[in-house]
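*Asks:* First, the structure itself, so that you have it in front of you.
Please treat every number below as a calculation from the coordinates, not as lab data. Because the structure is a prediction, the values reported are computed rather than measured. As a convention, Cβ positions derive from the backbone with ideal geometry for all residues, glycine included, and neighbour counts pool all protein chains shown.
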Amino acid sequence: MRPCQNPANDPEDWFIERDGKQYPDDVLVPDSELEKVAFEQRADYVEGREDLLIRDALRRRRHAKDKCFTECSERFECLSLAIDGPTIEYGTFGGYYTEERREIVRARDARAARRERRLLGVD
């Protein structure tokens, strides 16, 4: 079983982005939590609380990536699907974050362009 499908692991951890959020409009400190804090102290509370929540989310993101690398026998198939298949913009696939997969695609495309120019005799 792939680690991202294991019920013992939180599947949401594979979809945390580098800002600690799963979705761009995620609110890290919900209003229900802010209601417990005096109005004058909310700014300081949110700043300190968000730091903790982001750090925890990024730790879970790293652990998800590590599990891909160490526990998944289908890691290369997953990476291939994420890179060559339909555009998958978010999440950790094949042990690579979104931004790392974009870099892999850029490098692959640059190599292909160099190879084509070489075959055409342009370089």
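*Asks:* Please give the length that would be gained between L34 and L119 if that part of the chain were fully extended, namely 0.36 nm times their separation in residues minus their C-alpha to C-alpha distance (nm, one decimal).
*Replies:* The span from L34 to L119 would gain 24.4 nm if fully extended.
*Asks:* Follow-up. Assuming 0.36 nm per residue, please report the length gained on full extension of the stretch R108 to E47 beyond their Cα-Cα distance.
*Replies:* Working: separation 61, 0.36 × 61 = 21.96 nm, distance 4.01 nm.
Stretched fully, the R108-E47 segment lengthens by 18.0 nm.
*Asks:* Which of the lysines could a cross-linker span from K36 if the Cα-Cα distance has to be under 29 Å and same-chain partners fewer than 8 positions apart are dropped?
*Replies:* K21
*Asks:* For R18 and N6 in the same chain, what is the full-extension length gain: residue separation times 0.36 nm, less their Cα-Cα distance, in nm?
*Replies:* Result: 2.0 nm gained on full extension.
*Asks:* If you don't mind, there's one more thing I want to ask. When the scattering of the chain is computed by the Debye formula from its Cα atoms alone, each counted once and equally, what is log10 I(q)/I(0) at q = 0.15, 0.22 Å⁻¹?
*Replies:* Treating every Cα as an identical point scatterer, log10 I(q)/I(0) equals -0.79, -1.19.
*Asks:* Compare the peptides 94-106, 35-47 by average per-residue count of other Cβ atoms within 10 angstrom and give them in order, highest first.
*Replies:* Highest-to-lowest ranking by the protection proxy: 94-106, 35-47.
*Asks:* Can I ask one more? By a straight-distance test (C-alpha under 16 Å), which aspartates and glutamates pair with K67 as possible cross-link partners, with residues fewer than eight away in the same chain excluded?
*Replies:* D10, E12, D13, E77
*Asks:* Kindly list the residues of the range 62-87 that lie in the label zone of D26, defined by a backbone N under 20 Å from the point 7 Å along the Cα-to-C-beta vector.
*Replies:* Backbone N within reach: 62-69.
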